[in-house]
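These notes concern the structure reproduced below.
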């Protein structure tokens, strides 16, 4: 599965061949989100059209109007008439066709579940928000994600009295990691004072309820992500939903490094369940996990090594996760400031390419800091040696 994009927004020439676990890195505003939104559009056009029409939103086959509805206000300018070109699995596609409503064609189900970077907006003072609770210029992926977790909370979870810990969605190994790293003894539950629409609060064992606005930044960022994972990890014998790919933008937002590792363990559970994963990140901790997994694969590591890396106990189901991870096709792409991409999947610290040895710039500062500290210490030792000679 390959996507190539030229001259769209900040992207001049970007190409990604997707594996099982795909990591996109690079500075802000280099086109990672636009690229992945295009990836979803190319697979989910029918589902996107259907959702917009269900909510009485029409664009009259206008490409400009459709781009505004899908990518968000101001984004039609990203498309360059006569310049933008897109290839999907080697076949050039015309973006104008994706704005056209095709009548009589068999409607495809959704293939890509998208958890956007703006997911914190899907909770307003602790309440989930439906699709039409946003302005038309709000990016489609945020509105759709928000609506999905809104339906989860207001319908599927309508009668539950606790959202975390929740035994039929996450196994104890993952619940323990989240408990220790993120919620710190608090429970996530619907407020008893707001039956509909349900408002989410943090509650202590003593019964004290903390409203959304006093949560930590990490708790506010993580809770919508957790609800999205709940949707992707159905209870019972069904191990996954019908979607094939999960896109998660910046899963590390607001989180302590220990919590980031806990989240990575959860995301790799998605991989074990059979989803393809696409992750954007600005976190060196995320890439440290990926670098270790790549090294493990090359050097014949055991499943126990993966579990120790993720802080998971060794049990039959966690060992199954570790074995799947060791077999996964892992790829890393760097989105550069000049609008191009580079495959840096090896993450080789000795690579001649600065993009690769610096892991897309995520460890460049640490490397420069180490070099400068070593230089200053060497000068200090030389001065001390000269003083001693005198």
Segment 36-103: relative contact order as a whole-number percent, Cα under 8 Å and 6+ apart: 34 percent
Kirkwood hydrodynamic radius of segment 103-144, from inverse mean 1/r over distinct Cα pairs, in Å: 12.1 Å
Most to least packed among 271-278, 311-318 [average Cβ atoms within 10 Å]: 271-278, 311-318
Ranked packing of 375-382, 263-270, 297-304, most packed first, by mean Cβ within 10 Å: 263-270, 297-304, 375-382
For the chain: relative contact order, % (alpha-carbon pairs under 8 angstrom, 6 or more apart): 21 percent
Along each principal axis, Cα extent of segment 306-373, largest first, Å: 45, 33, 18
Computed [θ] at 222 nm, deg cm²/dmol, the chain (DSSP H ≥ 4; -39,500 (n - 2.57); rounded to nearest 500): -12000 deg cm²/dmol
Using a Förster distance of 22 Å, the FRET efficiency for residue 133-residue 62 (Cβ separation, nearest 0.05): 0.35
Solvent-free Debye scattering, log10 I(q)/I(0), computed from the Cα coordinates of segment 169-295 at q = 0.10, 0.11 Å⁻¹: -0.35, -0.42
Per principal axis, descending, Cα span of segment 1-75 in whole Å: 36, 27, 18
Kirkwood Rh (inverse of mean 1/r, distinct Cα pairs), segment 1-127, angstrom: 15.9 Å
Pair-distance profile P(r), taking every C-alpha pair of segment 277-344, with 10 angstrom steps and integer %: 18, 46, 25, 9, 1
Share of pairwise Cα separations in the chain, more than 39 Å, in percent: 22 percent
Binned Cα-Cα distance frequencies in segment 228-284 - 5 Å width, integer %: 4, 17, 31, 23, 15, 8, 2, 0
Taking segment 169-211 and dividing mean pair separation by its residue count, relative contact order in percent (alpha carbons under 8 Å, at least six apart): 28 percent
For segment 49-190, fraction of C-alpha pairs farther apart than 26 Å, in %: 40 percent
Kirkwood Rh and Cα Rg combined as Rg/Rh, segment 107-233: 0.96
Paramagnetic reach from residue 258 (point 7 Å along Cα→Cβ, amide N under 18 Å) across segment 179-223: 179-187, 216-220, 222
Peptides 114-124, 165-175 ordered by average Cβ neighbours within 10 Å, highest first: 114-124, 165-175
P(r) histogram, all alpha-carbon pairs of segment 228-376 included - 10 Å bins from 0, percent: 10, 36, 36, 14, 3, 1
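We did not get these values from a lab; they are worked out from the coordinates using the rules stated. Nothing here was measured: the structure is a model prediction, and the numbers come from that model. Every residue, glycine as well, gets a Cβ built from its backbone with ideal geometry; the counts of neighbours run over all protein chains shown.
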